[in-house]
Structure formats: structure tokens, C-alpha cells
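A short write-up of the structure that comes next.
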Amino acid sequence: MADLSLPPDSLFLGFDSSTQSLKATVLDSSLNIVTTELVHFDSELPHYKTKDGVYRDPTVNGRIVSPTIMWVEALDLILHKLSSANFDFKKVIAVSGSGQQHGSVYWQKGSSQILTSLDPNKSLKDQLQNAFSFKESPIWMDSSTTVQCREIENAVGGGMVLSEITGSRAYERYTGPQIRKLFSTEGDLYERTERISLVSSFMASLLIGDYASIDETDGAGMNLMDIKKRCWSKEALEATATGLEEKLGKLAPAYATAGSISQYFVHRYGFEKNCVVVQWSGDNPNSLAGLTLSTPGDLAISLGTSDTVFGITKEHQPSLEGHVFPNPVDPGSYMVMLVYKNASLTREEIRDRCANGSWDVFNKYLEQTQPLNDGKLGFYYTENEILPPLPVGSHRYVLDNFSGESLEGVKEREVKEFDPPSEVRALIEGQFLSKRAHAERFGMPSPPIRIIATGGASANENILNLISAIFGCDVYTVQRPGNTCYIRTSCIFLAYSLIIGNLCVFLCTDSASLGAALRAAHGWLCNKKGTFVPISCLYEGKLEKTSLNCKLKVKAGDANVASNYGLLMKKRMEIEKKLVEKLGHF
Ligand code: ADP
Ligand code: XUL
């Protein structure tokens, strides 16, 4: 039998360049976590003056960007932190990473030259300061490109046609509409751009000291790639901007090697020169890998800056709702996903307004209120929402005559406010009723066999209990690491956790950087074998002995409760439909 083992004593480094932080997870050859690290943008790089890692432009409705150079500085800082903790970079034989999806970076003409000749005695930041034609990267939270979305859809024959070609209709945050906006409004800067990267391929470019390809999975989040042929779509390119194909470079499969680590990192941090950099991909696709999601009946719910619901399918069925991406670890299947912009930051807003800024008080309110919230339903949007497409605003309703048993005679009445405990429950029930409703509408498993929860808010057991009650199934989370480095890293996380008002956030929940480390090992193996090998070869028969093992957190409860929630969900969707008709931006 072919040897599919990983070299003993080797390490695999995975990053997650997300909205609020850069995280790192290191796996050993038994796929156990040996160390983790984190750079929190707002607090550790305060000179950029970001809030939640971003700038919300007060002058342009919906424009949300991040300073590109901040991500560059964060990479040097996280490696410096690992180095100061005596991390042995020499043992790392492969690196990969996750990027927040859709965000884009614009390399100025001549930057390739800078990238290939980085001086290890100087910081990345000092050398790349002037490498970008646009200094601010549009990110996934941006909603300023509705005009461009409609233009692109119209040019290819409609939203459904675009979804059939690329896996999604046009979405404001998707990279194609973002590029079209910059091309139409700042044509000279667009002209001066020699390469456009996604956050994922951008970070990989820094590591290999050259332009890295966009991977086929994250590439599907651009409205530019033909999802079946996995190449740039001529129609989509033409509908977006001129001269775009050469600025995008070639696509590569997620399991491919982007290149060897550059001399910069060999000299500055002590990496081995033959350490490979495996293609980076999107954070959600890497979470899918890290959660070892392979059963079509399983659903994952990621509760981070965005909330996402995702699963796998064998078929690509075009739809006007949701997204389809190639599965980053299985060329034979797809990843399907729903995305919510009002997620952790909206939960924080209500925690701060109603629960004295404390998750403990927030949780107490969830405990002291009843399932179905006495018929109180809330819609809370602190950012323009993706799903449903509703603008910033809050809407509260009381359902008269609602017992949970039937909708007969039930009428909604709009109200101005709820008491704080009901407000907290209305928020959480509302967020997950919406996820259940849209997941069912999108054809995801109902009820799922199980849900695997991940992301910062999956540390909250009260939220996990509610997910289980609403979906009517068991809820699992990724197991926490148990090793000697745990104490050290937990101190770092403790510091960060105190900053954001919560304990133990990242000890067990970052599946995106975990998935990236796993994909580093997978890419290394594929490279060694010279062909694709199924990722399951890495953990088959020994999953429970690795840090990838999921742990049962909440057992499915009373089926009646889930069925009553089904009725509340139906009513919520009726109200949502009316709100979209009145206020929706499509
Ligand atoms: P991202 O990767 O998108 O930057 P994370 O997955 O790291 O985001 O999640 C960060 C979020 O986790 C914070 O914004 C915070 O609101 C949320 N969070 C952390 N702990 C809790 C908790 N106990 N209850 C609810 N939310 C929490
Ligand atoms: C996915 C999306 C977000 C970002 C967050 O489509 O927009 O989940 O990936 O990092």
C-alpha cells in the first residue's frame, strides 16, 4: 500500500486572515494542535484605527474596507510572536491559510519586483507600503455595489444565468462587482494595477514572494469563475471590466502547491527553504475542511463576524439564493452556503445595549425567558443584510393568539420595543429561525443529521442550546486542544478575550485556521504523491485521536419544541417577505 503518512516530528502551519484578527494553528503529524497564536487588529495594531478590523466609510453608503497594509504587518507580527515563544519554524514542512472571502487586493505595476526581492532585515510593512494601487481593500461587509451587480447580471442574461455560470447571482460583496466599481469610478488606478489578489491569494503571495494563483474554491466567490469548468468565464469577465483576465492570473486547485516559502521567511524566522506553501482558500471552505464535513446530512454553522450555514452536495443546482463553491478538499463535490452579515457584531450591539455589555447577563436573559418568547419576534440589522436583503433597522412584532400549536387566528402587531430579556431572546431566536427557514428553502437537510457549530460565538452554550431546540438535532463543536502549549496560548487568548469581554473564545473554536493547517498537510501529501489523494487518508480510522474530532455539546431535545419553532418560523418568513417587499434592495 502507498505510504500516505506524514513525516514524524513535522509540523503544519495554518493561518486565518479574518475580519477582526489573524490567527494561526499548528498541527503535528498526528494532527494534534501543538500551538495557536493570534493578532487582534483593533487592539494590537491600533495605529490603523480600525473598528472590528474595518473602516466604515461615512461618506459612501455601504462602503466598508480594510487597510491592506494592516494584513501585511499582522503577518510579520504573528510570526514574531511565535518566534518569541521559541516556536521551531524548522519543523514546519507546509503552510497554508484561510482568508475572509471576497476581499480584494490591488497590486500596483512594478510590485512583483518588490515581492521577489524582499530584504529579510526590513519589515514587510516598510517594503510593501507603496505596493498597492488602492490602499484600502474592499471586504465582504461592503454593500456599495448594487448598481454594478445589476449591470453584470443584465449583461450575462440575468441573475439565474450568472448563478448557473459562477455558482451565485451577483452579490455586492463579491469581487467581480467590487472590481467593476473600481474600474468604472477610478479607471486610472485600475489601469495602474498589475495584479488583483483575493485576501487568500494575497497572503500566499507574501509567503512565496511572488504572485500566488487564486484557488478554484475562493475563486467561486467572485462572480467571475465558471464553476463547472473551473476557469475564468469569458462572459463574466466581459461584463465586469476590460483587461481583467491578465490581472487575475491563473486559477489553481486548492490542494496545489503555490510555491516554496520565500527566502525572506527562511532568513527572518528560520523556516526550512523547502517548506511548501499550499494554496490558501476562503475561511468558510477551510472550515468545511477543518470540521471534516463529508456527510451530506450534516450542517455546519459558523458564528463569527459573519454567520454562515454550510454543507456539502454532489450537484450544482443554480439558485437565486445562497452560494455554491467547489469543495476545497474533494474535487467531486460542492460546498453550499448561506451568509448573514448581522452576526456577532449585532449580538454584541444588543449585549451592550440590553445586557450591560456582559455575555453572562445576556445568557441569564436567555435562561430566564421561554422558548417561542411569548410570540415576540424581532429583526435586527445593524448592517445592511445579505439574507434577507434588508437595510439597517430593527423591526419588532408581537404575535397575538400564538400558543405554538397552530397559526390559526394569529396576527402580528408591530411594537416599538421589548424588555431587555425578551429583546435578547428575540435576537437569538430570530437569527436561528432565519437560518433554519432559508436552509430549508435552499434544499439543505431538514432536520440535519447533526449541526457542527464553530466560530467565536460557538463558545456560548446558551446559543448552542437554542440552535439545537430550533433545528431539532444534536449540536457538536470542534474539540479543544489538550497539550503542553495550551497554557501559554490560553494566556494570550485570555488577554484578547478580556478585550472583547469574553473568556475562552478561541481555545476550541477556530476551524478556519485548523482547516488551513489540515489543508497544508493535505497539499504537502498531494505534492509528494504528485497527484490528488483523498483528504480522509490523513485521518481515517483515527479521527477521535486528533484535534479534528467533533464533540457532542447538546443532545436534540423535545421534538415538539422544534415543531412549534417550525410554526414560528413560518410566521417569521411571512413577515420577512412583507419587509423585503417594502424595504428590500432587490
Ligand atoms: P472572525 O473569524 O470572523 O473574525 P471569530 O470567529 O473569531 O470571528 O468570532 C469573533 C466573535 O466571537 C466576536 O465578535 C464575539 O462577539 C464572538 N464571541 C466570543 N465569545 C462569545 C460568547 N461567549 N458569546 C457570544 N459571542 C461570542
Ligand atoms: C462568505 C462571507 C463571509 C466572509 C467572512 O461569503 O462573505 O463569511 O468569508 O470572513
Pairs beyond 18 Å (Cα-Cα), from LYS435/LYS571; LYS181/LYS582; LYS376/LYS416; LYS416/LYS570; LYS81/LYS135; LYS51/LYS341: LYS181/LYS582; LYS416/LYS570; LYS81/LYS135
Roll a 1.4 Å probe over the protein heavy atoms and report the accessible area of SER200 in Å², nearest 10. 0 Å²
Solvent-accessible area, 1.4 Å probe, carbon plus sulfur percent, for the chain: 51 percent
Per residue value of the accessible surface for the chain (all protein chains in place, 1.4 Å probe), Å²: 37 Å²
Derived scalar couplings ³J(HN,Hα) [the stretch 151-165; Karplus, 6.51 cos²θ - 1.76 cosθ + 1.60; whole Hz; x for Gly, Pro]: 4, 5, 4, 4, 5, 9, x, x, x, 5, 5, 4, 5, 5, 6
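When the helix-only estimate is applied to the chain (DSSP H runs of n ≥ 4, each -39,500 (n - 2.57), divided by the residue count), what is the mean residue ellipticity at 222 nm, nearest 500 deg cm²/dmol?
Values: 20 runs with 216 residues, N = 586.
Rounded to the nearest 500, it is -11000 deg cm²/dmol.
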Could you pull out every residue, at least 5 positions away or on a different chain, whose amide H is within less than 5 Å of the one on PHE132? Hs are placed 1.01 Å off N in the peptide plane, and Pro or chain starts have none. GLN108
Which one, ILE69, PRO285, ALA256, projects farthest toward the positive side of the charge dipole computed for the chain from Cβ point charges (K/R +1, D/E -1)? ALA256
Heavy atoms only, 1.4 Å probe, whole protein assembly: order LYS181, LYS341, LYS578 by accessible area, highest first. LYS578, LYS181, LYS341
For GLY443, enumerate residues with amide H under 5 Å from its amide H, sequence gap 5+ or separate chain, H modeled in the peptide plane. none
Would you tell me the accessible area of ILE93, worked out with a 1.4 angstrom probe on the heavy atoms of the protein chains, in Å² to the nearest 10? 40 Å²
What ³J(HN,Hα) values, in whole Hz, does the Karplus curve 6.51 cos²θ - 1.76 cosθ + 1.60 give for the stretch 100-111 when θ = phi - 60°, with x put for Gly and Pro? 3, 6, 6, x, 10, 10, 10, 7, 6, 3, x, 6
Mind putting a number on the dipole of the stretch 100-238 about its Cα centre? Charges go on the C-beta only, +1 for Lys and Arg and -1 for Asp and Glu, and I need it in Debye to the nearest 20. 60 debye
Over the heavy atoms of TYR171, what accessible area does a 1.4 Å probe trace out, to the nearest 10 Å²? 20 Å²
Dipole moment magnitude, nearest 20 debye, the chain about Cα centre, only Lys, Arg, Asp, Glu C-beta charged: 400 debye
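Hey, with R₀ at 41 Å, roughly what FRET efficiency would GLN263 and SER394 work out to, going by the Cβ-Cβ distance, to 0.05?
On the way: r = 53 Å, r/R0 = 1.30.
Between GLN263 and SER394 the formula returns 0.15.
The values are calculated or read from the model by the stated rules, or taken from the named source; none is laboratory data. For clarity, every value in this text was computed on a predicted model and none was experimentally measured. Methodologically, a virtual Cβ is constructed for each residue, glycine included, from the backbone with ideal geometry; neighbour enumeration extends over all protein chains shown. The area values use the complete protein model at the heavy-atom level, side chains included, leaving out ligands, DNA and RNA. Shrake-Rupley method; radii C 1.70, N 1.55, O 1.52, S 1.80 Å.
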